[in-house]
Amino acid sequence: MAVERETYEASRQGLNDLYLLAKEQLVTANNKISELQRDLEVERNIRRDLESAHELLDKEIQDKDDTIAALRKQCSDVKKLNLDMLNKVQNTGKKMAEKEATVRQLETKSESSSSQITELIIKTKELSILNDDLKKELDMFKSRYYDLESKHDEAQTNIAVEREWKEKLQRQSSVDREELAMLRADAIHVNELKSSLKQLQRENEDLKRSCREQEMALVELGDHLSRSKVKAEELKHSTDMMKDSKWANDKEIENCQLCKKAFSVARRKHHCRNCGGIFCHQCSDNTMPLPSSARPLRVCDRCHDVLLERSIKK
């Protein structure tokens, strides 16, 4: 009985540990799912931003191509009109070289990040203003010619930078798609862990139910053993009393063994079914259930008190 109880307690402790471990895994899995969902939402926002940037870049490239076409046409017209102004234009070569160096620095900075592209456009406008100031110092045809040449080169450089940035964004988009696929795989794995946890919870409930049934069976068994022990003690006590008692012979007993009154035709003899003694009717007018019979039997006053006290204690 004790071994079974210890085995049951050990198994129950193991089940509780397993349930706590499964519960911790569920909490960890839920936290990981939340983190994955947040990462997925961030990736979606980044992807929408990238798509918006792609659209803006395509639109700007188209505008640049249109501008380049117009500039080329204007350059062609200006070249025809300004062939005679080349000598004067050479005097401004140094200033234009400095402006071109500034433009190249701005272009180098624009390759570092998408935010610097906007800054480059602003600085390009500033260069346009400087070129306008330069045009005031030169002849109208000469300043217009070099201004168009500068815009043409700048537009080509910007287109190259924007194309390179677009390719970079496309590569980043591919990497994002791969990460998204990995996140989806992790989500599937988490769902599998949830299913396993539910199965473990069902098994835990079954084991708890089995443990409760075993506890009830053990309680019933303990009650049964207690009753059997009490019955065994009663039977032992009755056996001891039967050994100590002796069925008295009617011929040998002339007086009641309790009140000592003589027997007669009016005062008849009665045997006590517990101790075997002979008593009068007044001293044996009691019935009590005995282990030797299924129905109550006559007992003397002394045995009645003993049996009644024992019944009360039980």
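The values are calculated or read from the model by the stated rules, or taken from the named source; none is laboratory data. All figures in this text were calculated on a predicted structure; none of them were measured in a lab. Cβ coordinates were reconstructed from backbone atoms using ideal geometry, including for glycine residues, and neighbour counts include every protein chain displayed. Please note that ligands, DNA and RNA were not included when accessible areas were found on the heavy atoms of the full protein model with its side chains. Shrake-Rupley method; radii C 1.70, N 1.55, O 1.52, S 1.80 Å.
Observations, loosely collected:
- Here is the figure for segment 20-44: residues that are open to solvent by 80 Å² or more (accessible area, probe 1.4 Å), more than 25 Å from Glu179 (Cα to Cα) and not charged (D, E, K, R) total 2.
- Look at (1) over 24 Å from Lys59 (Cα atoms); (2) open to solvent by 30 Å² or more (accessible area, probe 1.4 Å); (3) modelled with pLDDT under 80 and you find that Glu149 fails only one, number (1).
- Within segment 270-295, considering residues that are part of a loop (DSSP other than H, G, I, E, B) and open to solvent by 70 Å² or more (accessible area, probe 1.4 Å), the one farthest from Ser311 (Cα to Cα): His281
To keep it simple, each residue is scored yes or no on (1) under 25 Å from Asp176 (Cα atoms); (2) without any contact (Cβ under 8 Å) to a residue 60 or more places away in the chain; (3) touching a strand residue (DSSP E or B) at 6+ places or on another chain (Cβ under 9 Å).
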{"position": "Ala53", "(1), (2), (3)": "yes, no, no"}
{"position": "Glu60", "(1), (2), (3)": "yes, no, no"}
{"position": "Thr67", "(1), (2), (3)": "no, no, no"}
{"position": "Arg72", "(1), (2), (3)": "no, no, no"}
{"position": "Lys88", "(1), (2), (3)": "no, yes, no"}
{"position": "Asn91", "(1), (2), (3)": "no, yes, no"}
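Each row is one residue, and each column tells you yes or no for (1) open to solvent by 100 Å² or more (accessible area, probe 1.4 Å); (2) assigned to a helix (DSSP H, G or I); (3) closer than 30 Å to Cys211 by Cβ.
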{"site": "Tyr8", "(1), (2), (3)": "no, yes, yes"}
{"site": "Leu18", "(1), (2), (3)": "no, yes, yes"}
{"site": "Ile46", "(1), (2), (3)": "no, yes, no"}
{"site": "Ala53", "(1), (2), (3)": "no, yes, no"}
{"site": "Glu60", "(1), (2), (3)": "no, yes, no"}
{"site": "Thr67", "(1), (2), (3)": "no, yes, no"}
{"site": "Asp77", "(1), (2), (3)": "no, yes, no"}
{"site": "Gln90", "(1), (2), (3)": "yes, yes, no"}
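- Among the residues of segment 297-314, those that are outside any helix (DSSP H, G or I) and either touching a His at 6+ places or on another chain (Cβ under 8 Å) or in contact (Cβ under 8 Å) with a residue 40 or more places away in the chain (or both) comprise Arg298, Cys300, Lys314.
- Residue selected from segment 92-122 under the condition at pLDDT 75 or above and farther than 14 Å from Ala155 by Cβ, by the criterion least open to solvent (accessible area, probe 1.4 Å): Ala101
- Residue in segment 164-175 that is over 29 Å from the mean Cα position of the chain (by Cα) and over 30 Å from Arg44 (Cα atoms) present: no
One line per residue, one yes/no per condition, for (1) open to solvent by 90 Å² or more (accessible area, probe 1.4 Å); (2) within 30 Å of Gln13 (Cβ to Cβ); (3) assigned to a helix (DSSP H, G or I):
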position	(1), (2), (3)
Thr157	no, no, yes
Ala160	no, no, yes
Lys166	no, no, yes
Arg177	yes, no, yes
Met182	yes, no, yes
Ile188	yes, no, yes
Arg212	yes, yes, yes
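- Tally, over segment 130-143, of residues that are touching a Leu at 6+ places or on another chain (Cβ under 9 Å) and modelled with pLDDT of 70 or more: 2
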